[in-house]
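In what follows, a structure is listed as structure tokens, so that the remarks can point back to it.
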Amino acid sequence: MIKRMEGNIIKIRKEPTELKMLKLLNSRTSLSAKDKNNYHYLEKGFEGEKKFDAMIGNSSECLLIIPDLLFEYQNTTFQIDSLVIAKEEIYLFEIKNNERDHYFKDDNWYLLSGKEIKNPLLQLKRSESLLRRLLQSLGFQLPIKAYLVFVNPHFFLYQAPMKAPIIFHPQLKHFIDDLKATSLKITDGHVNIAKKLLSHHIEETTFHHIPEYTFEQLKKGITCVKCASLMKALSLQSLACEKCGIKEDTETAILRSIDEFQLLFPNRTITTTGIHEWCEIIHSKKMIRRILTENYTLQGYGRSAHYVRKNKNTQ
């Protein structure tokens, strides 16, 4: 059974793991210019995707929206920013949050400075072809309409080809309104397609653009849930971010920091001493031990003792 998470969106878009890791590393160490650029690129892209979700998700019950899909077909991996099942067609959207002026010439894309960049239409065409073949292998013959969507109002493309499948920011609301107007009520057939596609979605497990780092070289402390800056302790019960003003319950912040520790160091065991050092601003080791005991299971004895997350079904 497909659960609609928010309106007609049936899968929540998660922050990319690579972006999460770079955000944490940016707060705890000095990233190189290349890594910092990659971090800001991913962050900007994610913000653009969320903006698109908000616009298309605020619609009637005539669309099934599945954001952020990753497939592997015939040893080739491809990603889809947003997929919409409507009427008797499937819409594939490649979402870009570019800004400033670009131009198109001889099937190539350029910054206004003359620097050539990747042609996103080629990426769109590749994803469309792979999705079509995947659908055919699953027994579906629905036509696919693929579009390149620019959600940033400050983007402009000179000499844009008139027949290219591109939707610019000023056109987006009108396009979505037309899409809703021409679509019909969702049927069991639409839901079946969504189920099949979701069953083939894979979680990304390799991250090729994360710099090397060690536990020792990273700054210790608790990062802000909003801006990822390191927080200060207001009292035993609460923390605050001096940069954005967010306040957070200490226990909630510690549990979140343990999750971040596991994300950055998946092969490192969770111990009271290790988490106490990781959080740093929490002076009470007794509090760390209590939180771990209540939310994790202690395994092993002596020096080999460590914590693992409790199975939710046994709590």
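Taking only pairs six or more apart or across chains, which ones have beta-carbon atoms under 8 Å, a first residue in the range 121-149 that is closer than 24 Å to Glu49 by Cβ, and a second residue that is among the acidic types (Asp, Glu) and open to solvent by less than 40 Å² (accessible area, probe 1.4 Å)?
Pairs that qualify, where the first residue is closer than 24 Å to Glu49 by Cβ and the partner is among the acidic types (Asp, Glu) and open to solvent by less than 40 Å² (accessible area, probe 1.4 Å), are Gln123/Glu94; Leu124/Glu94; Ser127/Glu94; Ala146/Glu94; Tyr147/Glu94; Leu148/Glu94; Val149/Glu94.
Among the residues of the range 69-100, what is the count of those that are among the acidic types (Asp, Glu), open to solvent by 30 Å² or more (accessible area, probe 1.4 Å) and more than 17 Å from Gln136 (Cα to Cα)? Walk me through it before giving the result.
Here is the first cut: in the range 69-100, the residues among the acidic types (Asp, Glu) are 72, 81, 88-89, 94, 99.
From what's left, open to solvent by 30 Å² or more (accessible area, probe 1.4 Å): 72, 88-89, 99.
Narrowing further to those that are more than 17 Å from Gln136 (Cα to Cα): 99.
Count: 1.
Filter the range 183-233 for residues that are among the basic types (Lys, Arg) and over 30 Å from Leu135 (Cβ atoms) and give the result.
If we filter the range 183-233 for residues that are among the basic types (Lys, Arg), which is where we start, we get 185, 195-196, 219-220, 226, 232.
If the condition is that a residue be among the basic types (Lys, Arg) and over 30 Å from Leu135 (Cβ atoms), then Lys219, Lys220, Lys226, Lys232 are the ones that fit.
Would you be able to say whether some residue in the range 57-68 is loosely packed, with under 14 Cβ neighbours inside 10 Å and part of a strand (DSSP E or B)?
No: zero hits.
Yes/no per residue for (1) among the acidic types (Asp, Glu); (2) within 27 Å of the chain's Cα centre (by Cα); (3) open to solvent by 50 Å² or more (accessible area, probe 1.4 Å); (4) more than 21 Å from Val84 (Cβ to Cβ):
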{"position": "Leu112", "(1), (2), (3), (4)": "no, no, yes, yes"}
{"position": "Pro120", "(1), (2), (3), (4)": "no, yes, no, no"}
{"position": "Gln123", "(1), (2), (3), (4)": "no, yes, yes, no"}
{"position": "Arg132", "(1), (2), (3), (4)": "no, yes, yes, no"}
{"position": "Leu135", "(1), (2), (3), (4)": "no, yes, no, no"}
{"position": "Pro143", "(1), (2), (3), (4)": "no, no, yes, no"}
{"position": "Phe150", "(1), (2), (3), (4)": "no, yes, no, no"}
{"position": "Pro170", "(1), (2), (3), (4)": "no, yes, yes, no"}
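Can you tell me which residues in the range 35-68 are farther than 21 Å from Asn152 by Cβ, modelled with pLDDT under 95 and not polar (S, T, N, Q)?
Residues satisfying the conditions are Glu61, Cys62, Leu63, Leu64, Ile66.
Spot the failing condition for Glu216; the list is (1) surrounded by 11 or more Cβ atoms within 10 Å (Cβ to Cβ); (2) at pLDDT 95 or above; (3) not basic (Lys, Arg), and only one is missed.
So the condition that Glu216 fails would be (1).
Which residues, taken from the range 222-269, are of a type in the set (Val, Ile, Thr), in contact with a strand residue (DSSP E or B) (Cβ under 8 Å, 6 or more places away or on another chain) and surrounded by fewer than 19 Cβ atoms within 10 Å (Cβ to Cβ)? Outline the logic, then answer.
If we filter the range 222-269 for residues that are of a type in the set (Val, Ile, Thr), which is where we start, we get 222-223, 225, 246, 250, 252, 254, 258, 269.
Next cut, in contact with a strand residue (DSSP E or B) (Cβ under 8 Å, 6 or more places away or on another chain) only: 222-223, 225, 246, 250, 258, 269.
Val225, Ile246, Thr269, listed by residue number.
From the list Lys173, Lys180, which one is closer than 17 Å to Gly48 by Cα and among the basic types (Lys, Arg)?
Numbers: Lys180 fails: closer than 17 Å to Gly48 by Cα.
On inspection, the qualifying residue turns out to be Lys173.
Quick one: which residue in Gln136, Gln141 is part of a loop (DSSP other than H, G, I, E, B), of a type outside the set (Lys, Arg) and under 24 Å from Asn75 (Cβ atoms)? Full working, then the answer.
Working: Gln136 fails: part of a loop (DSSP other than H, G, I, E, B).
Result of the check over Gln136, Gln141: Gln141.
Residue by residue through the range 151-209, note down the ones that are in contact with a Phe, Trp or Tyr (Cβ under 8 Å, 6 or more places away or on another chain) and of a type in the set (S, T, N, Q).
Gln159
Would you check which residues across the range 6-26 are surrounded by fewer than 17 Cβ atoms within 10 Å (Cβ to Cβ) and in contact with a strand residue (DSSP E or B) (Cβ under 9 Å, 6 or more places away or on another chain) and list them?
Those that are surrounded by fewer than 17 Cβ atoms within 10 Å (Cβ to Cβ) and in contact with a strand residue (DSSP E or B) (Cβ under 9 Å, 6 or more places away or on another chain): Gly7, Ile12, Lys14.
The values are calculated or read from the model by the stated rules, or taken from the named source; none is laboratory data. Predicted, not measured: the structure shown is a model, and the values here were computed from it. Ideal geometry is used to build each Cβ from the backbone, glycine not excepted, and the neighbour counts take in all protein chains shown. With ligands, DNA and RNA removed, areas are computed over all heavy atoms of the protein, side chains included. Shrake-Rupley method; radii C 1.70, N 1.55, O 1.52, S 1.80 Å.
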